[in-house]
Amino acid sequence: QVQLVESGGGLVQAGGSLRLSCAASRGISSAPAMGWYRQAPGKQRELVAMISRGGTTNYGGSVKGRFTISRDNVQNTVYLQMNSLKPEDTAVYYCNAAPTAWGDWGQGTQVTVSS
């Protein structure tokens, strides 16, 4: 089965930083691209960043310039460095294949940004 384990979330003040990690099973990390998604209460899950196996990145407009996605293909791990956090970044963050998710979702990791 697909395994995705997100970690690194927490409670931070606006302007702070967090680094999220995603440990992915070998199969899903072989997808053409991996991404970070987020979902806030009452909102649809949205793709905020993605990275191809070759390292090409894309970002949603609301996070561009503040977030950086990276990956370690040897360890099958995807990272999201989040800087200059804003309260509107508060959500549960998930990783998965991108731009179309595969299989089940992991538990996600909660990011809460206080004002």
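A few points about this structure:
- Separation of the ASN73 and THR100 label points, Cα + 7 Å toward Cβ, nm: 2.2
- Listed values for the stretch 2-11 are Karplus-derived 3J(HN,Hα) couplings in whole Hz (6.51 cos²θ - 1.76 cosθ + 1.60, θ = phi - 60°), namely 6, 10, 9, 10, 9, 8, x, x, x, 9, and x replaces Gly and Pro.
- With the alpha-carbon atoms of the stretch 48-115 aligned to their principal axes, the span from lowest to highest coordinate is 37, 26, 21 Å, starting with the largest.
- Helix-derived mean residue ellipticity, 222 nm - over the chain, DSSP H n ≥ 4, -39500 (n - 2.57), to 500: -500 deg cm²/dmol
- Converting phi to 3J(HN,Hα) with the Karplus coefficients 6.51, -1.76 and 1.60 and the offset θ = phi - 60°, the stretch 20-33 yields 8, 10, 9, 8, 10, 5, 4, x, 6, 5, 7, 4, x, 8 Hz in sequence order, with x at every glycine or proline.
- Element breakdown for the chain at a 1.4 angstrom probe: carbon and sulfur atoms account for 47% of the accessible area.
- In this structure the chain gives 52 Å² per residue of accessible area when probed at 1.4 Å with all protein chains present.
- The average projected area of the chain, computed from the convex hull of its Cα atoms over all directions, is 6.4 nm².
The values are calculated or read from the model by the stated rules, or taken from the named source; none is laboratory data. It should be emphasised that the depicted structure is a prediction, and the values quoted were computed from it without experimental measurement. For neighbour counting, all protein chains shown are included, and Cβ atoms are generated from backbone atoms with ideal geometry for every residue, glycine included. Keep in mind that these areas ignore ligands, DNA and RNA; they rest on the heavy atoms of the full protein, side chains included. Shrake-Rupley method; radii C 1.70, N 1.55, O 1.52, S 1.80 Å.
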